[in-house]
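Asker: Handing you this structure, nothing more for now.
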Amino acid sequence: MVWVSAIVVIDRSTRAQVERVLDARLVEAARMVSSLLSDHRIKLDPQGRPVAVPMPPSSDYKRELSCQIWTLQGLLVGQSGAAPVEAMSSPGQTGFSERMIDGEKWRVYTAVNQRLGLRVSVGDSIAVREGLVQAVIRSVLMPAAVVLPVLALLIWFATARGLAPLDHLAAGLRARGASDLSPLPDGPTSREILPVRRALDALLARVRAHREHERDFIAFAAHELKTPLAGLKMQAQIALRAEDEDTRRHALEVMERSVTRTDRAVRQLLELARVGQTEAGGTPARTGNVARSVVTELAFFAEARQVTLRLIPGPDGEVSDGLVLAVVLRNLVENALQATPPGGTVELHTTPDTIDIRDGGTGIPDSLRARLFQKFAKGANRDDGTGLGLAIVRQALDQIGAEVEFVMAEDGHHARVHLHPRSGQGLLTGEA
């Protein structure tokens with residue numbers, strides 16, 4: 001379409017320019033003949049009329065201009081040898097005109113010499129003009145006609161060569177199995193295809209991480225729910241078969257504890273799944289509001305364990321995702337409540353950059369420190385936990401770019417969340 005449009009433009013512009021040049025030639029020729037007549041440079045007969053000079057016949061006479069000289073009274077006094085017999089212009093006609101002569105169309109310019117009383121008409125055949133225009137257009141378009149196939153071949157070659165790496169990449173992806181999410185194989189890569197490879201590798205890594213997370217979630221759920229469900233079934237059978245009230249009551253108490261543990265495990269598994277699938281760009285929130293909501297939510301749990309839970313508010317800070325921070329604080333506070341003996345106190349101190357959770361526990365055992373954030377890692381004396389709390393905390397902290405530090409101080413054990421850490425190394429297992 002571009003080349004067709006170019007040909008149309010070239011045809012029209014060339015035609016207009018050639019015709020303008022040919023018209024200018026007619027004007028100049030007519031004025032030149034009139035000037036020669038005025039200067040007596042054209043031979044005159046005894047009566048003072050121009051003498052017609054016959055032109056010898058020529059096979060290319062149609063390419064020459066034709067000239068007629070008329071008196072103002074309409075008498076032909078001279079003409080060129082190639083001029084037609086019939087008048088090329090009407091009496092009284094001046095300037096440009098077109099006229100049919102012997103079935104052929106002519107383009108004529110007529111100039112009047114008032115001093116000599118003569119009218120000079122110079123014209124050429126439209127057919128001759130058209131042939132000249134076509135010759136000029138062909139001379140312009142012929143190089144393009146030769147270059148166009150070569151250019152098309154070069155474009156095809158360059159496009160095919162440029163798309164070859166993409167075709168190779170597509171073939172490699174088609175040959176992969178549905179479960180193969182490994183990075184694309186290394187090899188020479190063109191500069192144009194490199195961003196595509198990098199984007200695909202990043203996408204495969206994200207998909208791989210999500211699939212691993214899903215597999216882990218299923219494994220964690222099966223691992224964590226299998227034991228309490230089996231215990232519930234066994235205690236239910238004991239309660240059904242028990243003949244004395246004490247045995248039945250004991251079985252029901254065990255069932256209640258098992259249901260509570262299972263409920264917490266299910267909630268933590270769901271939190272783990274949600275944190276693992278959360279994309280960046282959550283809802284910002286004030287840290288004081290998040291801490292207050294967590295304290296309110298866990299007040300019943302603290303009362304059941306006979307532990308005092310209170311918030312010591314300070315200047316508010318802001319976190320990029322309030323829901324993720326709530327998951328972090330909920331799990332840390334639950335751990336603190338479980339580690340604090342009855343009658344103790346758990347406090348939340350908030351500042352713009354930190355949230356400090358202080359409990360009355362004995363701190364983290366050395367045997368647990370190396371695997372502190374592994375899933376299902378629990379202390380030897382912690383049969384009521386799931387071992388998922390700190391694993392959830394680690395994923396959630398990574399999500400909002402925060403860190404946690406565990407410190408054993410004189411006033412008790414601290415779990416300090418740094419919302420805007422200065423180091424890039426992490427303070428996950430720090431100890432004062």
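Asker: Sort the following peptides by mean Cβ neighbour count (other Cβ atoms within 10 Å, averaged over residues), highest first: 324-337, 77-90, 190-203.
Answerer: 324-337, 77-90, 190-203
Asker: Quick one: 3J(HN,Hα) in Hz for the range 10-26, Karplus 6.51/-1.76/1.60 with θ = phi - 60°, rounded, Gly and Pro as x.
Answerer: 4, 4, 5, 5, 5, 4, 5, 5, 5, 5, 5, 5, 5, 5, 5, 5, 4
Asker: Separate question: Which residues does the label zone of Leu72 cover in the range 7-34, counting backbone N under 20 Å from a point 7 Å along Cα→Cβ?
Answerer: Residues 30-34 qualify, since their backbone N sits under 20 Å from the label point.
Asker: Would you mind checking which residues have amide H under 5 Å from Arg119's amide H? H placed 1.01 Å from N; only 5 or more apart, or other chain.
Answerer: Those lying under 5 Å, H to H, from Arg119 are Trp70, Thr71, Leu72, Asn113.
Asker: Still on this model: Given H placed on each backbone N at 1.01 Å, which residues far from Thr351 in sequence or on other chains put an amide H within less than 5 Å of it?
Answerer: Asp356
Asker: On to the next question. Show me, for the range 89-101, the HN-Hα J-couplings you get by feeding each phi into the Karplus relation (A = 6.51, B = -1.76, C = 1.60, θ = phi - 60°), rounded to Hz, glycine and proline as x.
Answerer: Values, residue by residue: 9, 6, x, x, 6, 10, x, 7, 7, 10, 8, 8, 10 Hz.
Asker: Further, regarding this structure: Return the long-range amide H neighbours of Ala83 (sequence gap of 5 or more, or a different chain), with a cut-off of under 5 Å between placed amide H atoms.
Answerer: The list, which skips near neighbours in sequence, is Cys67.
Asker: Can you list the HN-Hα couplings for the range 145-162, worked out from phi with the Karplus curve (6.51, -1.76, 1.60; θ = phi - 60°), rounded to whole Hz and with x for Gly and Pro?
Answerer: Whole-Hz 3J(HN,Hα) from phi for the range 145-162: 5, 7, 6, 4, x, 5, 5, 4, 5, 5, 5, 4, 5, 5, 5, 4, 5, x.
Asker: Which shape class, rounded, prolate or oblate, goes with the range 113-246 when its Cα gyration tensor gives a ≥ b ≥ c as root eigenvalues, a/c under 1.5 marks rounded, and past that a/b bigger than b/c marks prolate?
Answerer: prolate
All of the numbers you see were taken from the coordinates with simple rules; none came from a lab. The structure displayed is predicted, hence computed values, not measured ones. For neighbour counting, all protein chains shown are included, and Cβ atoms are generated from backbone atoms with ideal geometry for every residue, glycine included.
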